[in-house]
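Structure first, commentary second.
The values are calculated or read from the model by the stated rules, or taken from the named source; none is laboratory data. Not measured: the values here are computed from a predicted model. Every residue, glycine among them, receives a Cβ derived from its backbone with ideal geometry; neighbour counts consider all protein chains shown. For the accessible areas, the whole protein counts, side chains as well, though only heavy atoms, and no ligand, DNA or RNA atoms are used. Shrake-Rupley method; radii C 1.70, N 1.55, O 1.52, S 1.80 Å.
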Amino acid sequence: MNWADFSSAEPDLARTVERRFGAFTHHTLATLRKDGSPRTTGLEVRFLNGELWLGMMPDSLKARDLLRDPRFSLQANPGEGQTMGGGDVRISGRAHEVTDPQTKARYGEEVEPPEPFHLFRTELTEVVRTYVEDDTYLVVQVWKPGQPLRTLKRT
């Protein structure tokens, strides 16, 4: 399930998630090290042509992690202070390296990353948004492929 599929299934949540990621340039990517322990690192992301793309420097540790084990989690930059406008947003899934020269060239024309670079297309397994409603409720929205959006409220 790619970003376009998710956007079709849950357009309101998809727009909110894109706005949260668009508010800042750098976000936090979690990958798995060779020994299975987590690694977090900064990353820029792009929503282009119905895909969520992860681009990174060649042979970076996060790229090597994803080449070995494609599972990832991505958290939108919360921003300054405690407002968290739009809530806390996380995306989990699998990252698949793009090696097709034409696809990489099209991405490069749009984004103009430093050459050379690794490019990963994402397959989504979960999107989560957490926010406060009416200063009363903690609201958690959870989406997974093939399942309806779940909304949980707690006081």
Based on this model, can you work out whether PHE6 counts as surrounded by 18 or more Cβ atoms within 10 Å (Cβ to Cβ), hydrophobic (A, V, I, L, M, F, W, C) and within 16 Å of ARG129 (Cβ to Cβ)? yes
Given (1) open to solvent by less than 50 Å² (accessible area, probe 1.4 Å); (2) touching a strand residue (DSSP E or B) at 6+ places or on another chain (Cβ under 6 Å), identify the lone condition not met by GLY108. (2)
When the residues of the stretch 111-128 are narrowed to those that are touching a residue at least 40 places away in the same chain (Cβ under 8 Å) and part of a loop (DSSP other than H, G, I, E, B), which ends up most open to solvent (accessible area, probe 1.4 Å)? PRO114
Out of (1) assigned to a helix (DSSP H, G or I); (2) over 16 Å from GLU126 (Cβ atoms); (3) in contact with a helix residue (DSSP H, G or I) (Cβ under 9 Å, 6 or more places away or on another chain), the odd one out for LEU66 is which? (3)
Residues in the stretch 77-100 that are modelled with pLDDT of 95 or more and open to solvent by less than 30 Å² (accessible area, probe 1.4 Å): how many? 6
Within the stretch 48-69, track down each residue that is small (Gly, Ala, Ser) and crowded, with 16+ Cβ neighbours inside 10 Å. GLY55, ALA63
Failed criterion for THR103 (all others in (1) free of Cβ contacts under 8 Å to residues at least 40 places away in the same chain; (2) open to solvent by less than 60 Å² (accessible area, probe 1.4 Å); (3) β-branched (Val, Ile, Thr); (4) assigned to a strand (DSSP E or B) hold): (4)
PHE72 versus (1) open to solvent by less than 30 Å² (accessible area, probe 1.4 Å); (2) of a type outside the set (S, T, N, Q); (3) closer than 21 Å to GLY50 by Cβ; (4) without any contact (Cβ under 8 Å) to a residue 40 or more places away in the chain: which is the lone unmet condition? (4)
Looking at the stretch 6-26, I want the residues that are under 15 Å from ARG90 (Cα atoms) and have a partner that is hydroxyl-bearing (Ser, Thr, Tyr) with Cβ atoms under 7 Å, at least 6 apart or on another chain. Which pairs are those? ALA14/SER7
